[in-house]
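Asker: Before I ask anything, here is the structure I am working with.
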Amino acid sequence: MSSDGQQSDPYEKLLAQYTEMARLAGALAHEIKNPLSTIRLNMELLAEDLEDSPEPVQRRAVKRVDVMKRECQRLQDLLDDFLNFAKVRRLNLQPTDLNAEIDETLDFFEPEAAAGDVEIVRYLDPNLPRVLLDAESFRSALINLLLNAKQAMPKGGQLVVRTAASADTVTVHLIDTGVGIDEQTAAHMFEAFYSTKPGGSGLGLPTTTKIIEAHGGQILVHSEVGRGTQFTIELPALRRLGSSAGASAVAAAD
């Protein structure tokens, strides 16, 4: 019971517990990053001392140092991904033209796609209603899905980005012609630390999911091995002024 005699909200209590756990995990990750940076720096200095030596023993030592440097970088990337996943997001939601945000993100991603021989095809509904969006976090979520699609097409292919609207929902479809996802992977791919990629953190899709859910939306996946994958983002749409006025007129007539 709270001091005013009312029972505390269980959701608020869980949120407070999660926030504290996220804070502690983030603090631990930062503490790990500091000595890790020192180790990386000393590995680089050691490699410089050894790289010009003609001795076989020292050449073998250089190779071992290179392995340690790569592993340090992998740990650094994992910590960065974890901090991004664990942080409590306070979104700055603003009425936004979703098509414009998608267009800008695709323009930014276009060189990366072209380098992988991936063609981006846009079908953006010109009558799309506005949505409440935190542009920065949504863009990072979208880029993660675009990178996943590119990686699923190692020999190139086509990525279709389509937007559509229903009565109260705006939908974004990302459809690739890649290798597809088997049922086992699809069942676990949104779980933290689950990854089928060598060296992957398994936090990209879970972080993307958290961002979409923080917007009041959801993310779905449909895939066929050998044929491709479709990710679908559903977001709540803002009511159009015209439709609201029309509803009022109908109510008055009744």
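Asker: Hey, among the residues in region 117-155 that are assigned to a loop (DSSP other than H, G, I, E, B) and surrounded by fewer than 15 Cβ atoms within 10 Å (Cβ to Cβ), which one's modelled with the lowest pLDDT?
Answerer: Initially, region 117-155 is screened for residues assigned to a loop (DSSP other than H, G, I, E, B), giving 117, 124-130, 134, 152-155.
Now drop any that are not surrounded by fewer than 15 Cβ atoms within 10 Å (Cβ to Cβ), which leaves 117, 125-127, 154-155.
Details: ASP117: 94, ASP125: 93, PRO126: 92, ASN127: 89, PRO154: 92, LYS155: 92.
Filtering first and then ranking leaves ASN127.
Asker: Scan SER37, SER2 and give me the residue that is more than 22 Å from ALA141 (Cα to Cα) and at pLDDT below 70.
Answerer: On the way: SER37 fails: at pLDDT below 70.
Going through SER37, SER2 in turn, the sole match is SER2.
Asker: Moving on to the next point. State which residue is surrounded by the fewest Cβ atoms within 10 Å (Cβ to Cβ) when the search covers only region 40-55 and only residues that are part of a helix (DSSP H, G or I) and at pLDDT below 75. It would help to see each step written out before you state the result.
Answerer: Step one: of region 40-55, the residues part of a helix (DSSP H, G or I) are 40-50.
In the following step, the residues that additionally are at pLDDT below 75 were identified as 49-50.
Values: ASP49: 12, LEU50: 18.
Checking each candidate, the answer is ASP49.
Asker: Among the residues of region 156-178, count how many are polar (S, T, N, Q) and in a strand (DSSP E or B).
Answerer: Initial filter on region 156-178 (polar (S, T, N, Q)): 158, 163, 166, 169, 171, 177.
In the following step, the residues that additionally are in a strand (DSSP E or B) were identified as 158, 163, 169, 171.
The total comes to 4.
The values are calculated or read from the model by the stated rules, or taken from the named source; none is laboratory data. These figures come from a predicted structure and were not determined experimentally. Because the Cβ atoms are built from the backbone with ideal geometry, glycine has one as well, and the counts that use them run over all protein chains shown.
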